[in-house]
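Here's the structure we're looking at; comments come further down.
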Amino acid sequence: MTTIEEVARATLLKPSITSWTRLEPTPRDPTMQRSLQAQIRDAAWMLSRQWQMGEFLGDDAGSPVQATLGGELQNVTTYRPGPAPAASIALDPNLPLEVQVERESVALKLRGSVQLGYYFESLVRKASIVGAPAVITAFRTAFPIVAVSPDPAYASIDAVRFRALTSGKALDGEALYASAVAVAAGVVPTIPLPAEAANAGMPGVLSELVAYRSSLFSEPAEAVAWQPSAIDYDFALGSPAASDNVLLDAPDFPGGHLDWYTFTLKAGVSGQTPVGTPAQVTPFTFNFFPNHVVFKGMHDPRWWMFEDSVTDFGQLDAQHVDLAKLLVMEFAFVYGNDWFSVPVPTPIGNLSRVTTLVVTDNFGLRTLIRSAEQTQVNAGESPWSMYKLSGAGTRSDFIMMAPTLGLVDDAIPLEQVSFIRDDMAAMAWAVEHQLQSELDLPSDAQEAYMQRLQENGPPAPPVATAGGPGIYYTTEIPVPDNWIPMVPVQTAQGALYLRRGTMEVPTAAGLLKIVARALLLEPGEPYFLEDHVVSRTGVKAERYFRRTRAIDGSTYVWMARSSGLAGGTAWSGLRFDVVRDMGEV
């Protein structure tokens, strides 16, 4: 009987030789062309792999090889700034839409006025006006740079020094520009031109000054679209045609980038009398080769193709409630190879719609592709649609190609105001953060308030006396100067508004009236803000310069505004009937 030890010993002593040989192709053709083709000779294996992957289970055997598309173009011809229909004007096709909507008048202050004044003086010298020094002196006298700031309590040190440096040595170019524009329009100017303006050659100099100042910024000649009571833009584009009168409304555009989703289809305009230039309806046809819809990371539709590994579909994890992810996965895995894109050439600034689409496959079969909106749906449901204009329960066949901008350079805000709620004071506040300084730069309103406290602080508290009280009573602890009160009011119809108010704070020099200084708050005019605009998170509004280059190479610089969310609620520190310790300010 053989033992286990004997079997193990015989196995270990048996010699064994193991070797590996790598299979390498040996090309018989020195050009390597045939070897690089990677030919597959096993057709049965290829067919079996196709059968295994389900590639023989297709519902159709035809692939689209040609498509004929028919459509209509309808140009946009009217522009309405604000909500009033009577304000509609002809749309400038050469002006980018953001520029036309956002632009407003530009008011330069001290530094801009001095620069424009020096430019005018250089024009006088270059024009060889007789007695040029006397003419310049006369204009400096008529349009002087005053030595005292119109807002001395909040003027920065740099602005005070710059004003002292230029007073009597330069003229107010902005004031001269306003007077020259008024004279050219046949209107009596606020500041009359001096008699030297009639000297030989001076009318041409003034005209050149007006042309130069007008070329610096794009400013509107019509009403502006900004609505101060809503802190956003309200405008509309119109395409009045006999067959289809389309009005695209944008009642709450916050500023910035415009696109097709900014607009809603205005209900009830069909059949109205067109306003402005009638729109032209142009039919077109287009033949093209259908292209597969592809996306970055899409898997290859065939088994023997190499993947680029951009997307690891094996790592996708979706729950039963992740409907959006499940739909995307189903499209990518199952139907991604069955979708084709249709390029539609559409000029910018036009409405376009597809009227017919006929697809021809490789068997010569022609199929009419109908709109998805013609699909029968259940009662109370709406058909599937994408990228089409809609509004108030209506939907249009048009797709909007707005003449919007691509790259825009935005400057830092000249003005920034936050509208916030104050639950402790049961009111709202307009907090001025940035203000346009006299040097045409943004200035910190809080720093201006601290500067005012150093020069004219609060009144001194009572002095404690021996045996007297150690406390004193004050009626109010005021808020900083850059906190403008917004008082709730109600109209006779029950509408709620926030009215801009004023405050008087005690100072060492007497009562100081606090007023709004930001143009966003409409200083000098009654300002009412719709109550629902100021949410719990607050609203932030800014005024800033924008610069862009249009498609034709033209450069535009304009003053714009924008609105967005602020930082939430805040406490102003306003208190009434406060008892304080002696010596506490």
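The values are calculated or read from the model by the stated rules, or taken from the named source; none is laboratory data. No experiment lies behind these values; they were computed from the predicted model shown. As a convention, Cβ positions derive from the backbone with ideal geometry for all residues, glycine included, and neighbour counts pool all protein chains shown. Surface areas here come from the heavy atoms of the whole protein model, side chains and all, with no ligands, DNA or RNA. Shrake-Rupley method; radii C 1.70, N 1.55, O 1.52, S 1.80 Å.
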Exercise for the section: Pick out the one residue from R103, R111 that is more than 20 Å from L439 (Cβ to Cβ) and not hydrophobic (A, V, I, L, M, F, W, C). Expected result: R103
Practice task
Would you mention how many residues in the range 227-252 are open to solvent by 10 Å² or more (accessible area, probe 1.4 Å), in contact (Cβ under 8 Å) with a residue 24 or more places away in the chain, more than 22 Å from L73 (Cα to Cα) and assigned to a strand (DSSP E or B)?
Solution key: 4
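In the list L176, L206, L165, which residue meets the criterion of being free of Cβ contacts under 8 Å to residues at least 40 places away in the same chain, over 30 Å from G82 (Cβ atoms), open to solvent by less than 40 Å² (accessible area, probe 1.4 Å) and part of a helix (DSSP H, G or I)?
On the way: L176 fails: free of Cβ contacts under 8 Å to residues at least 40 places away in the same chain; L165 fails: open to solvent by less than 40 Å² (accessible area, probe 1.4 Å).
Criteria check complete, one pass: L206.
Pick from the range 52-68 the residues that are not small (G, A, S) and not in a strand (DSSP E or B): which of them is least open to solvent (accessible area, probe 1.4 Å)? Working first, answer last.
First pass over the range 52-68, keeping only residues not small (G, A, S): 52-53, 55-57, 59-60, 64-66, 68.
Narrowing the set further to residues that are not in a strand (DSSP E or B) leaves 52-53, 55-57, 59-60.
Working: Q52: 112, M53: 89, E55: 61, F56: 114, L57: 137, D59: 159, D60: 118 Å².
That would be E55.
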Handout entry: Hits in the range 346-357 (condition: open to solvent by 70 Å² or more (accessible area, probe 1.4 Å) and within 18 Å of F263 (Cα to Cα))
Key = I348
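Which of the following residues is more than 23 Å from P523 (Cα to Cα) and among the acidic types (D, E): E102, E174, E196? I'd like the intermediate steps shown before the answer.
Values: E102 fails: more than 23 Å from P523 (Cα to Cα); E174 fails: more than 23 Å from P523 (Cα to Cα).
The unique qualifying residue is E196.
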Handout entry: All positions within the range 209-221 that are in a loop (DSSP other than H, G, I, E, B) and either farther than 20 Å from A90 by Cα or touching a residue at least 24 places away in the same chain (Cβ under 8 Å) (or both)
Key = F217, S218, E219, P220
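What do you reckon, is L193 at pLDDT 90 or above, aliphatic (A, V, I, L, M) and either under 36 Å from the mean Cα position of the chain (by Cα) or part of a helix (DSSP H, G or I) (or both)? Walk me through how you get there before you give the answer.
On the way: at pLDDT 90 or above: yes; aliphatic (A, V, I, L, M): yes; either under 36 Å from the mean Cα position of the chain (by Cα) or part of a helix (DSSP H, G or I) (or both): no.
Against the criterion (at pLDDT 90 or above, aliphatic (A, V, I, L, M) and either under 36 Å from the mean Cα position of the chain (by Cα) or part of a helix (DSSP H, G or I) (or both)), L193 does not qualify.
Do we have any residue at all in the range 491-509 that's β-branched (V, I, T), open to solvent by less than 30 Å² (accessible area, probe 1.4 Å), assigned to a strand (DSSP E or B) and in contact with a helix residue (DSSP H, G or I) (Cβ under 8 Å, 6 or more places away or on another chain)?
Step one: filter the range 491-509 for residues β-branched (V, I, T), giving 491, 502, 505, 507.
Going one step further and asking which of them are open to solvent by less than 30 Å² (accessible area, probe 1.4 Å), we end up with 505, 507.
Restricting the remaining residues to those that are assigned to a strand (DSSP E or B) gives 505, 507.
Then keep just the ones that are in contact with a helix residue (DSSP H, G or I) (Cβ under 8 Å, 6 or more places away or on another chain); that gives none.
No: the range 491-509 contains no residue that is β-branched (V, I, T), open to solvent by less than 30 Å² (accessible area, probe 1.4 Å), assigned to a strand (DSSP E or B) and in contact with a helix residue (DSSP H, G or I) (Cβ under 8 Å, 6 or more places away or on another chain).
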Completion exercise
Checking V224, V188, V181 in turn, the sole residue that is open to solvent by 30 Å² or more (accessible area, probe 1.4 Å), in contact with an Asp or Glu (Cβ under 6 Å, 6 or more places away or on another chain) and either of a type outside the set (G, A, S) or within 22 Å of L95 (Cβ to Cβ) (or both) turns out to be V224
Exercise for the section: Show the residue pairs that are 6+ apart or on different chains and have beta-carbon atoms under 8 Å apart, the first residue being within the range 352-377 and part of a loop (DSSP other than H, G, I, E, B), the second being surrounded by 12 or more Cβ atoms within 10 Å (Cβ to Cβ) and of a type in the set (D, E). Expected result: S371/D397
Completion exercise
The one condition R543 fails out of (1) touching a Lys or Arg at 6+ places or on another chain (Cβ under 6 Å); (2) closer than 16 Å to A445 by Cβ; (3) without any contact (Cβ under 8 Å) to a residue 40 or more places away in the chain is (3)
Practice task
Report yes if some residue within the range 95-106 is under 30 Å from Q227 (Cα atoms), within 38 Å of the chain's Cα centre (by Cα) and hydroxyl-bearing (S, T, Y); otherwise report no.
Solution key: yes
Problem - helices (runs of 4 or more DSSP H) completely within the range 69-160 that count 2 or more residues being of a type in the set (D, E) - result: 97-102
Practice task
Answer yes if at least one residue in the range 323-345 is open to solvent by 60 Å² or more (accessible area, probe 1.4 Å), modelled with pLDDT of 80 or more and within 26 Å of G71 (Cα to Cα), and no otherwise.
Solution key: yes
Fill in the blank from the handout: When L519 is run through (1) on the phi > 0 side of the Ramachandran plot; (2) open to solvent by 20 Å² or more (accessible area, probe 1.4 Å), the failure sits at (1)
Practice task
May I ask you to list the residues in the range 142-158 that are open to solvent by less than 30 Å² (accessible area, probe 1.4 Å) and of a type in the set (S, T, N, Q)?
Solution key: S149
Completion exercise
Residue pairs qualifying under the 6 Å Cβ cut-off, at least six apart or on distinct chains, with the first in the range 379-404 being closer than 29 Å to E98 by Cβ and open to solvent by 90 Å² or more (accessible area, probe 1.4 Å) and the second being hydrophobic (A, V, I, L, M, F, W, C) and at pLDDT 80 or above, are Y387/I399
Completion exercise
Considering residues that are in contact (Cβ under 8 Å) with a residue 60 or more places away in the chain and either within 21 Å of Q434 (Cβ to Cβ) or in contact with a Gly (Cβ under 9 Å, 6 or more places away or on another chain) (or both), the number found within the range 552-572 is 14
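Within the range 501-517, count every residue that is under 27 Å from the mean Cα position of the chain (by Cα) and either farther than 17 Å from I420 by Cα or modelled with pLDDT of 95 or more (or both). Before you say what the answer is, go through the steps one by one.
Within the range 501-517, the subset under 27 Å from the mean Cα position of the chain (by Cα) is 516-517.
From the residues that got through so far, the ones that are either farther than 17 Å from I420 by Cα or modelled with pLDDT of 95 or more (or both) too are 517.
Residues flagged as under 27 Å from the mean Cα position of the chain (by Cα) and either farther than 17 Å from I420 by Cα or modelled with pLDDT of 95 or more (or both) within the range 501-517 amount to 1.
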Practice task
Identify the residue in the range 253-285 that is modelled with pLDDT under 85 and among the β-branched types (V, I, T) and, among all such residues, is most open to solvent (accessible area, probe 1.4 Å).
Solution key: T273
Exercise for the section: Report yes if R9 is open to solvent by 80 Å² or more (accessible area, probe 1.4 Å) and at pLDDT 70 or above, otherwise no. Expected result: no
Exercise for the section: Can you tell me which residue within the range 209-221, out of those that are open to solvent by 10 Å² or more (accessible area, probe 1.4 Å) and among the hydrophobic types (A, V, I, L, M, F, W, C), is nearest to R543 (Cα to Cα)? Expected result: F217
Handout entry: Selection status of T26, among the hydroxyl-bearing types (S, T, Y) and modelled with pLDDT of 85 or more
Key = no
Handout entry: Tally of residues being of a type outside the set (S, T, N, Q) and under 30 Å from Y79 (Cα atoms) across the range 97-153
Key = 10
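If I go through the range 447-470 residue by residue, how many of them are of a type in the set (S, T, N, Q) and open to solvent by 70 Å² or more (accessible area, probe 1.4 Å)?
Taking the range 447-470 first, the residues of a type in the set (S, T, N, Q) are 451, 454, 456, 465.
Right, trim to open to solvent by 70 Å² or more (accessible area, probe 1.4 Å) and you get 454, 465.
Here the count works out to 2.
Before we move on, is P144 without any contact (Cβ under 8 Å) to a residue 40 or more places away in the chain and closer than 28 Å to P480 by Cα? Working first, answer last.
Working: without any contact (Cβ under 8 Å) to a residue 40 or more places away in the chain: yes; closer than 28 Å to P480 by Cα: no.
No; evaluated as a whole, the condition is false for this residue.
Could we say that A198 is open to solvent by 40 Å² or more (accessible area, probe 1.4 Å) and modelled with pLDDT of 95 or more here? Can you show your working first?
Working: open to solvent by 40 Å² or more (accessible area, probe 1.4 Å): yes; modelled with pLDDT of 95 or more: no.
No; evaluated as a whole, the condition is false for this residue.
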